[in-house]
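Enquirer: Attaching a single structure in structure tokens format; questions to follow.
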Amino acid sequence: MKKIATLCMMVACSLLLFGCGKYGEKDVIKDLTKQMDRLKGYHLTGTLTIKSNEDSYKYNVDASFKKDNYYRVSLKNVTNNHEQIILKNADGVYVLTPTLNKSFKFQSEWPFNSSQTYLLQTLLKDIKEDNKRKFQQTDKQYIFTTKVNYTSNPDLINQKIYLDKKLNIQKVEVYNKDGNIQMQMEFKDIDRKATFKNDRFSLKENMSVASTDDEVATVSKIDDVIYPMYVPDNTHLESQDTVKKGSNGERVILNFTGDKSFMLIQETASKEQDMLTIPVFGEPEILTSSVAAVSDGSVSWMSNGIEYYVVSDKLSQQELLEVVKSVSVMPVGK
């Protein structure tokens, strides 16, 4: 009996030691948190793919972070090289369109008020705040499945975050309710020892040194008017007017009337002589082909040399964004 008791104790101790030595979900989260807390800054690059129906839109992503909540995210359209920059510094949150010498300024909690596939902090936040997250461990990877928060697109419900065994994030996949990938961020390089001067996050500096090889040329005429593919029930196009915009440009105004009336404005983009900053009470949102300024009752964005505005006091924000998305996927040259 003593031999059996001793053998059982040895087996129990072995199992206990084996269990204590296993590196699992809680350990990964603990070490990711420590890793993030120690960061003074980082720089990462990668490719973001956004899918809309049968089309895919690709962005080269270049993101910088400096302690004290400074962020700079450059999103460059792979097809036409058009660059937009999301900037957060001590003055606020900005969306920059350097081509036009124009920016939108937001009083916003970005990036922490929604999910972001390209920032380490928000990915960790999604992991930690989802008590029903799933964790999978393979020979080469750790994989977290968590819910997501995309206010502009409630069809996006969860994401898979892939890490290697050194806790480097490799890839993020965002899924809709049908289980189809709608966004994918593939990380190419992450430098956790990067340091930056404050001018890296300066509005003036970013506008002055932004890329000069942007291929999105300003245009003086709207050759093809874009009509929304989505129009709410009992709402129809009442009028279409084309007016001159200054000495070299034009504006098309589409008025939709009915139960859910709204106005869609399309105008040729022109570069401002002096840097122009427009205050916005809302949030920056990535559409399929551009970064939009979304406020209460209006959305504005630029695509292929044309600026678009949708305005309504009758549509909910979700309905407004449905109209916007049905317009933003239409222009050629994605």
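Enquirer: Within the range 174-183, restricting attention to residues that are not in a strand (DSSP E or B) and not acidic (Asp, Glu), which residue is least open to solvent (accessible area, probe 1.4 Å)?
Expert: Out of the qualifying residues, it is Gly179.
Enquirer: Residues in the range 127-173 that are without any contact (Cβ under 8 Å) to a residue 12 or more places away in the chain and open to solvent by less than 40 Å² (accessible area, probe 1.4 Å): how many?
Expert: Adding up the residues that qualify gives 0.
Enquirer: Is there a residue being touching a helix residue (DSSP H, G or I) at 6+ places or on another chain (Cβ under 9 Å), under 16 Å from Glu205 (Cα atoms) and among the β-branched types (Val, Ile, Thr) anywhere in the range 30-42?
Expert: no
Enquirer: Can you pull out every residue in the range 58-77 that is within 14 Å of the chain's Cα centre (by Cα) and closer than 23 Å to Leu120 by Cβ?
Expert: Lys58, Tyr59, Asn60, Val61, Asp62, Ala63, Tyr71, Arg72, Val73, Ser74, Leu75, Lys76, listed by residue number.
Enquirer: Kindly evaluate Asp189 against the criterion of being over 24 Å from Pro98 (Cβ atoms) and acidic (Asp, Glu).
Expert: So Asp189 fails the test.
Enquirer: Of all the residues that make up the range 78-102, how many are more than 17 Å from the chain's Cα centre (by Cα) and on the phi < 0 side of the Ramachandran plot?
Expert: Residues meeting the conditions: 9.
Enquirer: From the list Glu272, Glu307, which one is under 15 Å from Ser220 (Cα atoms) and in contact with an Asp or Glu (Cβ under 6 Å, 6 or more places away or on another chain)? Break it down stepwise before answering.
Expert: Details: Glu272 fails: in contact with an Asp or Glu (Cβ under 6 Å, 6 or more places away or on another chain).
The unique qualifying residue is Glu307.
Enquirer: Mind listing whichever residues of the range 191-209 are among the aliphatic types (A, V, I, L, M) and either surrounded by fewer than 17 Cβ atoms within 10 Å (Cβ to Cβ) or under 14 Å from Ala63 (Cα atoms) (or both)?
Expert: Ala194, Val209
Enquirer: Related question: Ala293 versus (1) touching a Leu at 6+ places or on another chain (Cβ under 9 Å); (2) of a type in the set (A, V, I, L, M); (3) touching a residue at least 60 places away in the same chain (Cβ under 8 Å): which is the lone unmet condition?
Expert: (1)
Enquirer: To continue, here is another question. Could you tell me whether Lys88 is in a strand (DSSP E or B), surrounded by fewer than 17 Cβ atoms within 10 Å (Cβ to Cβ) and modelled with pLDDT of 90 or more?
Expert: Judged against the criteria, Lys88 is not a match.
Enquirer: Let me ask something else about it. Only one of (1) within 29 Å of Lys58 (Cβ to Cβ); (2) surrounded by 18 or more Cβ atoms within 10 Å (Cβ to Cβ) fails for Lys260. Which number is that?
Expert: (1) is the only condition that Lys260 fails.
The values are calculated or read from the model by the stated rules, or taken from the named source; none is laboratory data. Everything quoted here is computed from the prediction, not taken from an experiment. Note that we place each Cβ from the backbone using ideal geometry, even for glycine, and neighbour counts take in every protein chain shown. For the accessible areas, the whole protein counts, side chains as well, though only heavy atoms, and no ligand, DNA or RNA atoms are used. Shrake-Rupley method; radii C 1.70, N 1.55, O 1.52, S 1.80 Å.
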